[in-house]
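Colleague: Just dropping this structure here.
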Amino acid sequence: MDENTTLEKVSKKSKFLWLYIIIIVIILVLIVLFVFVKTNKDSINNSLEDDLIDLNIDSNLLEDENIVSPEDLNIIEIIEIENPENCGTNLNCFKQYAAECKSGSRFLFTDVITTENKSFTRTTEYTINGIEYIYCKVNLSLYDINIEIIGENDFNESMVSKEDIGTEGTCYFETPQSLLDYLDKKDTNTFNGSVDCFYLDDNSTVCSSTGDMVNNSCEGDYFMLEYE
C-alpha cells in the first residue's frame, strides 16, 4: 500500500470523525436546551401556583371553561326598583321629594275628621305631578275611609262611604315650601283651613280656599265629599 492511499484513508476517517463530533455536539446542545426550557417552565408553573395559593384560588379552576373572567367580575347587576319614590306612610321620605316637587313621588296620609255624630278615619294618597307653571301640582285621591258612629241616636248613613274610594282632586301649591308647610301642619294636627268645591247651575264647579290654604288653589270631586 503506497503512501497516497494511506493518506486518503486517514483523511476520510478524519472527516467522519469530525462529522460524528459535530452531530454529538448538536445533540448535546439540544439536550441542554430542552432541559433549560423544561426547568424554566416548571419554575413558572410553580410560581403561578404559589401565587394562586396566596390568593386562595384553586389552580384547577383555571381549566374550568365556565369560570367567570376578570372582565365579567366588573359587571354589576342593576335591579330596577318599581316606584322608588313610593314612600308609603313615611312622611320624612315624602318630604325629601316634596322639597323639590319631584314628579311621581307618593305618600299615604291618614287623618281623622270628627263631626257631632261620626268620626271619619280618612286615608289620602298624595302624588306629586311636578312643577306646572310656577306651582307644585299634587294629586289627592281618597285611598280608604272608615266611619264610626259616635252619636247615641243617630243611625243615618254618612254622605261619604267606601264607594267614594278613588275620588280625586288636585291642588296647586304656591311653592314646594308651601307643600312642606301643609304637610307639617297636617302631621302635627295644627292645620287650620279648608277647601270647598261645589257645582254651579251650569254644572261647572267653583272652589274656595281659606286659612292655611288661602295662597294655594285646589279643585276636583275630592273636595266635594261631605263629611256629615
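Colleague: What does the highest-first list of 186-196, 126-136 look like by mean Cβ count within 10 Å?
Modeller: Going by the mean number of other Cβ atoms within 10 Å, highest first, we get 126-136, 186-196.
Colleague: Over all distinct alpha-carbon pairs, what is the Kirkwood Rh of the range 91-224 in angstrom?
Modeller: It is 15.8 Å.
Colleague: Report the full-extension gain for the segment residue 22 to residue 111: residue separation times 0.36 nm, less the Cα-Cα distance, to one decimal in nm.
Modeller: Between residue 22 and residue 111, full extension yields an extra 21.4 nm.
Colleague: Here's a follow-up. List, in order, the whole-Hz ³J(HN,Hα) value for each residue of the range 210-216 obtained from phi through the Karplus relation with A = 6.51, B = -1.76, C = 1.60 and θ = phi - 60°; use x for Gly and Pro.
Modeller: 10, x, 5, 9, 5, 8, 10
Colleague: I would also like to ask the following. What does the extension gain come out to for residue 30 and residue 92, with contour length at 0.36 nm per residue minus their alpha carbon separation?
Modeller: Taking 0.36 nm per residue and subtracting the Cα distance, the gain is 14.3 nm.
Colleague: Give the peptides 157-167, 206-216 in descending order of average Cβ contacts within 10 Å, highest first.
Modeller: The packing order, highest mean first, is 206-216, 157-167.
Colleague: While we're here: Which cross-chain or sequence-distant (5 or more) residues have an amide H under 5 Å from the amide H of residue 99, H modelled 1.01 Å from N in plane?
Modeller: Close amide H contacts, sequence-distant or interchain: none at all.
Colleague: Once you have the Cα-Cα distance between residue 226 and residue 190, take 0.36 nm times their residue separation minus that, and quote the gain in nm to one decimal.
Modeller: 10.8 nm is the gain from fully extending residue 226 to residue 190.
Colleague: In terms of modelled amide H atoms, which long-range or inter-chain residues lie less than 5 Å from the amide H of residue 130?
Modeller: Residues meeting the criterion, in which the H sits 1.01 Å from N, are 103, 104, 137.
Colleague: Now, a different point. For residue 213, what residues show an amide H to amide H distance below 5 Å, using hydrogens built from the backbone and excluding near sequence neighbours?
Modeller: Long-range HN contacts for residue 213: 194.
Every read-out reported here was derived from the displayed coordinates using simple, explicitly stated rules and does not represent laboratory data. Source: prediction; values computed, not measured. Heads up, the Cβs are rebuilt from the backbone with ideal geometry, glycines too, and the neighbour counts pull from every protein chain shown.
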